[in-house]
Amino acid sequence: MDTVFEGSEKKCEVILQRGALDLRTLDRQFWVEMVDACAATILSSVHNDVCDAYLLSESSLFVWSDHFLLITCGQTKLVESILYFLEHIDAQQVAQILFQRKNELYSEMQHSNFAEDVSRLQERVQGIQIAFGDKSSHHTELFHLERRYQPSTEDRTYELLMYGIDVDSSAYFTQSTLTADDIRQKLRLDEYLEGWQIDDFVFDPCGYSMNAIQGDRYCTIHLTPQHGYSYVSLETNVNLGTLIAIPLQVLKPTSFDVVLYQPESRAQIVEAIGQDYKIVQQQQKTIDCGYAVTFAHWTRS
């Protein structure tokens, strides 16, 4: 097999108790060492009054005063970064930890599986693990602390995870001469990120990562364009219903997953998807730490 890159992400969100440490007062070296623990590095960063966004060699880190979000891909060992944080910050200051791991295309290349990661975490904290979706197909697994937590009414996360972008898109995004501006235009980022601070990077020989922030809002995109194992993720806390049609029109994936975290249960109808795709599985659970989590998998009709 030719050298491949695993685009599917692992992610964690760590939320602190009210009145605990202000995470943005930690110096950059702390975050450098934390991401180094999982075998990633910081490439660049952008900042505003409420958020620090770090672009990584494998995905992204966003830091607000009371929580951080770390997303990594490839063969990274994200659980090691969580453990690094818990070794340096009093666990009593932590209100909740959400650790999510998506099914990989090449799971045999990973250093661990989800069960092994959870076992490592439970050496330090107690939690609950839940699976969403078909374990033999597209699915995601989640671990959260076994303690009371009530998310705010504005605490929502939207993930769009796309597989098998069309041949034309793959050919375009694997051109060696592409610039970041070329990719921004092709992805039509100005249609939904106008006025945002954008930090992005084009990898050699191909691949693209982008962070964008505006106030407390964030958006991140990671693109692995190689034909045969292409994968593109978009995550944001802005309503995905207003955004989802654009990347689907541009990339025309053969299938995609939608993962939603919301503070309340509600029916999910993403009307902007249109008739080109059909939903083949959908599951929603209200988990003990206060979120209603929806997982859905769609394929091209």
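Read-outs: derived from the displayed coordinates by stated rules, not from any lab. Fair warning: this is a prediction, and the values are worked out from it, not measured in the lab. Cβ placement follows ideal geometry from the backbone for every residue including glycine, while neighbour counts extend to all protein chains displayed.
Below is a table of values for the structure above.
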quantity	calculated
Shape category assigned to the chain from the gyration tensor of Cα positions, a/c cut at 1.5	rounded
THR153 versus GLU264: modelled label distance in nm, points set 7 Å from Cα along the beta carbon direction	0.7 nm
Residues whose placed amide H lies under 5 Å from that of LEU43, excluding near-sequence neighbours	LEU55, LEU56, SER57
Net charge dipole size for the chain [Lys, Arg +1 and Asp, Glu -1 on Cβ; Debye, nearest 20]	700 debye
Per-peptide average of other Cβ atoms within 10 Å, ordering 63-75, 195-207, 44-56 highest first	63-75, 44-56, 195-207
Segment SER301-ASP22, length gained on full extension (0.36 nm per residue, minus Cα span)	95.7 nm
Extension gain (nm, one decimal) between THR179 and GLN214, 0.36 nm per residue minus Cα-Cα	10.3 nm
The stretch 13-134: relative contact order as a whole-number percent, Cα under 8 Å and 6+ apart	28 percent
Residues LYS252, LYS102, LYS77 arranged by fewest to most Cβ contacts within 10 Å	LYS252, LYS77, LYS102
Two-site FRET efficiency, ARG188 against SER119, from Cβ-Cβ distance with R₀ of 51 Å, rounded to 0.05	0.75
Reachable lysines, given that their alpha-carbon falls under 16 Å from the alpha-carbon of LYS77 and they are not under 8 places away in the same chain	LYS10, LYS11, LYS102
Mean separation of Cα contacts under 8 Å (6+ apart) over length of the stretch 10-300, as relative contact order %	17 percent
Interchain or long-range residues, amide H under 5 Å from GLN17's placed H	VAL94, ALA95
Spin-label pair SER137/ASP36, simplified geometry with 7 Å Cα→Cβ offset, distance in nm	4.4 nm
FRET efficiency estimate (nearest 0.05) - Cβ-Cβ, GLN75 to ILE287, R0 30 angstrom	0.60
Spin-label pair HIS111/HIS47, simplified geometry with 7 Å Cα→Cβ offset, distance in nm	2.9 nm
Förster radius 30 Å - calculated FRET efficiency between GLN249 and PHE201 (Cβ-Cβ, nearest 0.05)	0.80
P(r), alpha carbons of the stretch 138-274 - 5 Å bins starting at zero, rounded %	2, 9, 19, 22, 19, 14, 8, 5, 2, 0, 0
